[in-house]
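The values are calculated or read from the model by the stated rules, or taken from the named source; none is laboratory data. Please read these numbers as outputs of a predicted model, since none were measured by experiment. So basically every Cβ, Gly included, is an ideal-geometry build from the backbone, and we count neighbours across all protein chains shown.
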Amino acid sequence: MKRSIIFGCISSVVGFSVGYYFRGLDGNLPILSGISAFIGSSLMWLLIVDRPNNWSEDRGVVAGVSGAIVAHYLNSYISLLIANYGYWILGKQIGSLPGPPMDPLFGILAMLFYMLLSLLIIGWFTIPVGALIGVVYVKTFSPVR
């Protein structure tokens with residue numbers, strides 16, 4: 001568990017950096033991207049590498065790539081949840097579209113489209129970096145040498 005949190009922290013630096021690069025679109029993007037990268041990468045590392053206790057370079061690559069993909073989805077969905085919270089609880093319009101934001105239950109499926117769009121825009125960078133982080137992390141911190 002501790003190793004998956006460390007992996008998530010390393011990945012969150014990449015998420016924050018990518019979000020900072022695109023911050024002109026949304027001021028909260030660096031924070032959301034960092035949090036999403038932390039949650040997605042930690043969870044994937046825990047499920048793919050830590051739980052089965054199988055530290056291999058292949059599993060490191062799969063955990064890094066899947067963590068990056070999950071982070072793209074989480075970033076979109078957390079943004080939707082924040083927009084709903086702002087509109088329904090705080091009474092503020094969050095986002096550029098007039099009217100209420102998308103229903104969070106419908107958003108579970110709809111955010112797949114936004115995830116794919118996000119992967120097309122910046123996934124060419126985040127997915128290979130996730131794979132690279134996974135391999136380097138396995139080689140550096142593997143308990144089995």
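From 129, 136, which residue is assigned to a helix (DSSP H, G or I) and either more than 21 Å from residue 35 (Cα to Cα) or not β-branched (Val, Ile, Thr) (or both)? Only one candidate qualifies: 136. Close Cβ contacts (under 6 Å, 6 or more residues apart or on different chains) running from residues in the range 115-138 that are crowded, with 20+ Cβ neighbours inside 10 Å to residues that are charged (D, E, K, R) and modelled with pLDDT under 95 comprise 138/57.
Of the residues making up the range 15-39, those that are among the hydrophobic types (A, V, I, L, M, F, W, C) and outside any helix (DSSP H, G or I) number 2. Taking the criterion of being surrounded by 20 or more Cβ atoms within 10 Å (Cβ to Cβ) and of a type outside the set (Gly, Ala, Ser), the residues of the range 17-31 that qualify are 18, 29. Would you call residue 42 assigned to a helix (DSSP H, G or I), crowded, with 20+ Cβ neighbours inside 10 Å, at negative phi and of a type in the set (S, T, N, Q)? So residue 42 fits the description; yes. Of the candidates 25, 32, 74, the single residue that is modelled with pLDDT of 95 or more, more than 26 Å from residue 139 (Cα to Cα) and of a type outside the set (Val, Ile, Thr) is 74.
The residues on offer are 80, 132, and the sole one that is hydrophobic (A, V, I, L, M, F, W, C) and under 16 Å from residue 28 (Cβ atoms) is 80.
The C-beta contact set for the range 1-21 (first residue within 21 Å of residue 55 (Cβ to Cβ), second residue surrounded by fewer than 21 Cβ atoms within 10 Å (Cβ to Cβ) and not β-branched (Val, Ile, Thr), distance under 7 angstrom, 6+ apart or interchain) comprises 1/46; 1/50; 3/50; 3/141; 4/46; 4/50. Here is the figure for the range 96-109: residues that are in a helix (DSSP H, G or I) and either under 14 Å from the mean Cα position of the chain (by Cα) or touching a residue at least 12 places away in the same chain (Cβ under 8 Å) (or both) total 3. For the range 47-54, the criterion of being free of Cβ contacts under 8 Å to residues at least 24 places away in the same chain, assigned to a helix (DSSP H, G or I), more than 30 Å from residue 139 (Cα to Cα) and of a type in the set (A, V, I, L, M) is met by none of the residues.
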